[in-house]
1. Efficiency by 1/(1 + (r/R0)^6): what FRET value for residue 90 and residue 171, r their Cβ-Cβ distance, R0 = 35 Å, to the nearest 0.05?
2. Quick one: give the max-minus-min coordinate of the C-alpha atoms of region 1-144 along each principal axis, largest first, in Å.
3. Relative contact order of region 57-129, please, whole-number percent, based on alpha carbon pairs below 8 angstrom and at least 6 residues apart.
4. Cut-off 10 angstrom, C-alpha nodes, Gaussian network model of the chain. Which of 310, 298, 14 fluctuates the most?
5. Over the chain, what is the relative contact order in percent, taking alpha-carbon pairs closer than 8 angstrom and at least six residues apart?
6. Can you give me the angle between helix 92-108 and the longest principal axis of the chain, using Cα atoms only, in degrees from 0 to 90, rounded to the nearest 10?
7. Highest GNM mean-square fluctuation, the chain, Cα pairs closer than 10 Å: which of 169, 219, 84?
8. Give me the Kirkwood hydrodynamic radius of the chain in Å, from all C-alpha pairs, to one decimal place?
């Protein structure tokens with residue numbers, strides 16, 4: 001019963017968000033008039049609702065901690081941004097909030113989820129870097145971050161020599177760690193275009209090292225698509241065309257996974273591929289009107305969740321009456 005109420009609640013929330021963003025696009029609501037305290041309160045309340053949902057769903061549903069902690073982190077940043085404490089913290093609360101779900105995942109099942117320590121460590125390092133960024137050069141920060149993220153992979157391999165797959169991300173990150181120094185040699189915009197495909201390299205390497213790592217194609221496709229979008233921006237293509245390119249790139253990524261369905265269990269990939277391609281086509285055709293797609297999809301998603309909850313409730317009632 002509690003879980004059904006939660007689904008109904010979030011369905012209503014999605015519809016409400018869709019309506020608010022729709023009103024913003026039509027000019028009825030202007031977010032610029034909202035004070036920092038208002039925004040901090042909104043994110044804080046959202047974080048509290050996500051936490052409540054997490055505990056009702058069950059503590060093993062640790063994925064709910066992402067929106068919960070991110071909302072709380074945003075509330076802290078916004079609420080303290082004009083204070084001395086906020087100037088010291090800067091973006092650290094947001095980065096720390098990303099570490100919490102992975103820590104929870106590991107604590108709940110330490111033997112099965114040792115992998116969660118890697119992103120937890122990475123986010124912790126980034127949090128520390130933010131505190132000391134004013135004392136470090138920008139390029140040095142980038143190098144420290146990349147080599148810090150590489151370190152857990154080396155530890156994984158040294159503790160179990162059978163896990164030689166860990167050498168791929170370790171070596172890749174060590175190579176990529178040189179990239180920040182290249183920023184001194186390349187113009188800013190060209191550097192960003194050059195950087196995105198390089199981030200894809202470790203994931204591509206992980207896939208070709210072992211075809212079981214089919215999941216690695218998803219982040220690889222995301223980084224490559226982002227690089228294409230950045231390149232399109234440099235030649236001053238319209239913003240909607242850039243958005244269509246990146247959505248189409250994401251769709252192409254899932255399309256590749258679907259083509260590999262005979263090798264991997266990726267039959268499901270056709271659904272996000274078709275959805276992303278469809279939205280990309282709509283964005284390219286509608287132009288400025290494409291900004292209404294997001295609010296409409298939120299409203300439709302919320303309505304679908306509510307309808308599903310009501311249908312499930314009626315089915316449960318029928319089953320109980322038949323018994």
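Values in this text are rule-based calculations from the coordinates and carry no lab data. Keep in mind the model is a prediction, meaning the values are calculated, not measured. Heads up, the Cβs are rebuilt from the backbone with ideal geometry, glycines too, and the neighbour counts pull from every protein chain shown.
1. Values: r = 32 Å, r/R0 = 0.91.
Given R0 = 35 Å and the Cβ-Cβ separation, E is 0.65.
2. 45, 43, 23
3. So the answer I get is 32 percent.
4. 310
5. Across the chain, relative contact order equals 18 percent.
6. 80
7. Most flexible of the set in this elastic network: 84.
8. Radius from the Kirkwood sum: 22.9 Å.
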